[in-house]
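Since the structure comes first, as structure tokens, the remarks are kept for the end.
The values are calculated or read from the model by the stated rules, or taken from the named source; none is laboratory data. Please read all numbers here as calculations on a predicted model, not as lab measurements. Cβ placement follows ideal geometry from the backbone for every residue including glycine, while neighbour counts extend to all protein chains displayed.
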Amino acid sequence: MIIRKNQILTQEGKKPILYDVYFEEVQKPQPVVIFCHGYKGFKDWGAWHLVAEEFAKAGFCFLKFNFSHNGGTIEQPIDFPDLKAFAENNFSLELDDLDRVLNFIESDHESLPIVISSIALIGHSRGGGIALIKAEEGPRIEKVITWAGVSDFKPRFQEGTQNFEDWKETGVTHVENSRTKQLMPHNFQFYKDFKANEERFSILRAVKNLNIPQLIVHGTEDPTVSINEAEAIRSWNPKSKLEIIEGADHVFNSKHPWNEDSLPKELKSVVERTIHFLK
């Protein structure tokens with residue numbers, strides 16, 4: 001298996017994107033899977049490397065990347081040394097980052113053994129919403145999959161609450177990272193960007209307009225994103241497929257760091273069902 005770690009995607013005037021690519025050395029071109037991490041996530045979280053290896057073994061070229069403003073840096077891609085960038089992140093930037101990754105695949109496909117007409121997106125949690133919006137926006141995506149994906153960005157801003165009013169007044173709010181104990185800042189521009197692009201950022205609108213195969217995977221014990229959100233997404237596209245993973249939490253019973261050499265059975269089931277769907 002060929003693994004290219006911490007490759008750098010640069011573009012003038014924009015923060016670089018760090019990515020990994022996994023594939024088997026074979027003669028025939030392979031379909032591409034692009035993985036989008038979620039909120040407070042990163043490409044090297046937990047067991048994502050083992051997920052990548054499973055997809056490569058199954059005949060896919062698997063690419064996972066860090067959103068440019070996820071709080072990581074080129075030198076330190078794990079965790080969040082750059083909270084200033086994190087504070088400036090928004091949905092527009094994440095969609096633009098995904099676009100940059102797609103453009104790279106199209107322009108640089110000579111260096112990868114890939115079928116340019118066969119690109120699937122997988123998004124975890126908030127990354128699921130990003131993947132669904134991008135999949136609806138253009139003809140480049142052949143299939144889209146969400147793992148514990150969100151159905152609506154808007155409620156997460158908690159408009160009308162005291163917390164929201166304080167955020168508006170001070171221009172910044174903080175969310176504690178339960179693992180690293182960092183207070184992670186969001187500047188109010190995050191909400192302003194959402195309001196300015198609310199129609200584009202409607203996951204409901206995107207899903208209703210999807211005309212490609214769609215898979216929704218969710219755990220029954222997800223404390224972060226309710227299984228009701230998966231059922232809502234399923235209801236907006238009657239042609240979509242919903243897979244329920246019994247006993248699985250938001251990260252399908254993996255954690256960070258993941259020191260085992262095999263996947264937890266729930267995440268393994270997610271990978272197997274997703275590969276079956278893609279094939």
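Points to keep in mind about this one:
- Positions within region 1-16 being without any contact (Cβ under 8 Å) to a residue 12 or more places away in the chain and in a loop (DSSP other than H, G, I, E, B), in sequence order: Glu12, Gly13
- Residue within region 197-204 that is assigned to a helix (DSSP H, G or I) and not hydroxyl-bearing (Ser, Thr, Tyr) present: yes
- Residue among Ala52, Ala56 that is among the small types (Gly, Ala, Ser), in contact with a Leu (Cβ under 9 Å, 6 or more places away or on another chain) and outside any loop (DSSP other than H, G, I, E, B): Ala52
- Pair list, Cβ < 6 Å and 6+ apart or interchain, from region 238-255 residues that are in contact (Cβ under 8 Å) with a residue 60 or more places away in the chain to residues that are surrounded by fewer than 23 Cβ atoms within 10 Å (Cβ to Cβ) and of a type in the set (D, E, K, R): His250/Asp222; Phe252/Glu266
- Those residues of region 17-43 which are out of contact with any Pro (no Cβ under 6 Å at 6 or more places or on another chain), in a loop (DSSP other than H, G, I, E, B) and either in contact (Cβ under 8 Å) with a residue 40 or more places away in the chain or not hydrophobic (A, V, I, L, M, F, W, C) (or both), in sequence order: Glu24, Glu25, Val26, Gln27, Lys28, His37, Gly38, Tyr39, Lys40, Gly41, Lys43
- Qualifying residue in region 207-221 (condition: assigned to a helix (DSSP H, G or I) and surrounded by 16 or more Cβ atoms within 10 Å (Cβ to Cβ)): yes
- Residue, nearest to His250 (Cα to Cα), within region 108-136, restricted to residues that are charged (D, E, K, R) and touching a residue at least 12 places away in the same chain (Cβ under 8 Å): Arg126
- Filter result (touching a residue at least 60 places away in the same chain (Cβ under 8 Å), surrounded by 23 or more Cβ atoms within 10 Å (Cβ to Cβ) and in contact with a Pro (Cβ under 9 Å, 6 or more places away or on another chain)) within region 46-73: Ala47, Phe60, Gly71
- Only one of Ser262, Ser254, Ser240, Ser202 that is exposed (fewer than 15 other Cβ atoms within 10 Å of the Cβ) and among the hydroxyl-bearing types (Ser, Thr, Tyr): Ser262
- One residue from Ile119, Ile78 being β-branched (Val, Ile, Thr) and buried (at least 18 other Cβ atoms within 10 Å of the Cβ): Ile119
- Hits in region 7-51 - residues which are among the basic types (Lys, Arg), at pLDDT 95 or above and more than 11 Å from Leu63 (Cα to Cα): Lys14, Lys15, Lys40
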